[in-house]
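What follows is a set of notes on a single structure, which appears directly below.
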Amino acid sequence: MPVPVRAPTEPEDDGWQGLAWYAQRKPVFTGGNELRLLKAGQALFPAMCEQIERAHHSIWLALYLVSPYGQSGAVLQALQRAARRGVKVHLVADGVGSHDAPPSMWTQLRSEGIDVVIHRPFHRIWGMFNSSEWRRMHFKLCVIDESVSFVGGINLIDDRFDLHNGWSDTIRLDYAVEASGPVSTPVLHTIKAMWTRAQFGQDWRDELWPLVQDSGRMRRLRHLWQQARMRLTPSEQAPFAKAASNPHPTRCAFVLRDNLRQRRTIERAAIQAIKQARHEIDIVTPYFYPGRQLRLALRHAAARGVRVRLLLQGKVDLPIAGLAARVLYDELIRHGIEIHEYQKAFLHAKVMRVDKDWCTIGSSNLDPLSLVLNMEANVIVRDQHFTATLTRELESDFADSQLVQLAATQRHWADRMGHWLFRMAAKLYLRLAGISGHY
């Protein structure tokens, strides 16, 4: 059942100003939403299957990783049943994230009438030398019948299966949100735009010359271009704009990070929330190597008496990512920030909570890939009851972790040297990827 909700206790600037959703560089909050917190695929996949079975006309998905094994196979089977009964099913998957999926899976989905496109297919030989190949679609999004959406950090893969480490007896820690209401509109538009971009990228070379010669195809090209833009159409803007001023029941915002207009929307929203924190900040992320501005915001929050807790990986799936986080331990602990390492299983959640009425859940880690390079999507919630539900779950997660003591970290100078090396490596990586940003 949906989490009980009530209006936030404090007014807030919507950032709407009469413009389209994508034109805003800060979160656009809308009321009139109902949300349900979903923990791990064992909660998400049945919820998705339930909504898929109810679908009447359309299902749209944008997924970084798709796997047919175990729990996630039930979702793929539900999608095929929906397609057989006439529901239009569109799926865009990232070329790197789903590179290891068996070709037979894609063949089966297409044979059942599911429109599948791959965003930037991965090329082993020359892909690493093409900077655009480094910018991946990291979304985990689904919208059913234009009204119910799923946003979070959970890939379409079994909770106990990891591509690098195989099968496990324990369930990976992860979160997602099921939403119904106006917040689903920008989610749907984002998926449609990504699907169109991926489709257009596939047939660009084949259609370029015929488009020059055929006016009808040129009109199709213009139509595709309109679909590939993130901005809402006028008919979509009207109800979304009206919902922006609705104070109840739940106010939330769908936010992106892309390489166009929304480059720092997610990061800036997090920094603003940290700067406004009065009592508590909880951050859960598997990959933690934020830029200096975000680290300073955390340090300043701790200095003014805010309790700042980080929940990071105890069981490390990618050694280089674990080492990158650990070179920051000395700096953060010395400034009063608590660091906990999750011990129960692999950690994949991307969650942040500030005080009692602000939280965000989505696909964005706090590392250079998520903050500067990849396309990411989060939902930000301003609601006391929903945040209280998330807080209870996070307390359980922190209970399954170990507090890192300063004596257990590396020597101070070793940490500083490691930090410098990783910072230089991050800058070099981003420069090679065509990004000359802050880090």
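The values are calculated or read from the model by the stated rules, or taken from the named source; none is laboratory data. Small disclaimer: the values here were computed from a predicted structure and weren't measured. Reconstructed Cβ throughout: ideal geometry from the backbone, glycine too, with neighbour counts over all protein chains shown.
Just to be sure, is LEU366 within 16 Å of ALA40 (Cα to Cα) and either out of contact with any helix residue (DSSP H, G or I) (no Cβ under 6 Å at 6 or more places or on another chain) or touching a residue at least 40 places away in the same chain (Cβ under 8 Å) (or both)? Taking the combined requirement at face value, the residue does not satisfy it. Applying the condition of being out of contact with any Asp or Glu (no Cβ under 8 Å at 6 or more places or on another chain) and β-branched (Val, Ile, Thr) to region 302-326 and asking which residue is surrounded by the most Cβ atoms within 10 Å (Cβ to Cβ) yields VAL316. Exactly one residue among ARG299, ARG292 is in contact with a Leu (Cβ under 8 Å, 6 or more places away or on another chain) and surrounded by fewer than 24 Cβ atoms within 10 Å (Cβ to Cβ), and that residue is ARG299.
Within region 70-79, the set of residues being buried (at least 18 other Cβ atoms within 10 Å of the Cβ) and among the polar types (S, T, N, Q) comprises GLN71, SER72. Counting the residues of region 381-395 that are surrounded by 24 or more Cβ atoms within 10 Å (Cβ to Cβ) and not in a helix (DSSP H, G or I) gives 2.
Within region 51-66, is there a residue that is in a helix (DSSP H, G or I), modelled with pLDDT of 95 or more, polar (S, T, N, Q) and crowded, with 18+ Cβ neighbours inside 10 Å? Looking through region 51-66, at least one residue is in a helix (DSSP H, G or I), modelled with pLDDT of 95 or more, polar (S, T, N, Q) and crowded, with 18+ Cβ neighbours inside 10 Å. Could you tell me whether region 68-75 includes any residue that is out of contact with any strand residue (DSSP E or B) (no Cβ under 9 Å at 6 or more places or on another chain), of a type in the set (A, V, I, L, M), assigned to a loop (DSSP other than H, G, I, E, B) and not assigned by TED's automatic domain parsing to the domain that holds THR387? No, region 68-75 contains no residue that is out of contact with any strand residue (DSSP E or B) (no Cβ under 9 Å at 6 or more places or on another chain), of a type in the set (A, V, I, L, M), assigned to a loop (DSSP other than H, G, I, E, B) and not assigned by TED's automatic domain parsing to the domain that holds THR387. Cβ-Cβ contacts under 9 Å between residues 6 or more apart (or on different chains), taken from a first residue in region 385-396 that is under 15 Å from ALA176 (Cβ atoms) and outside the structural domain of LYS39 (by TED's automatic domain parsing) to a second residue that is loosely packed, with under 15 Cβ neighbours inside 10 Å and not β-branched (Val, Ile, Thr), are listed as PHE386/PRO4; THR389/PRO4. Pairing each residue of region 308-321 that is under 15 Å from ASP367 (Cα atoms) with any residue that is crowded, with 18+ Cβ neighbours inside 10 Å and among the polar types (S, T, N, Q), provided the two are 6+ apart or on different chains, yields C-beta distances under 9 Å for LEU310/THR285; LEU311/THR285; LEU311/SER401; LEU312/THR285; LEU312/SER401; GLN313/THR285; ALA321/GLN313; ALA321/ASN365.
Across region 103-130, the qualifying residues are those that are exposed (fewer than 13 other Cβ atoms within 10 Å of the Cβ) and either at pLDDT 95 or above or part of a helix (DSSP H, G or I) (or both), and the one among them that is nearest to the chain's Cα centre (by Cα) is MET128.
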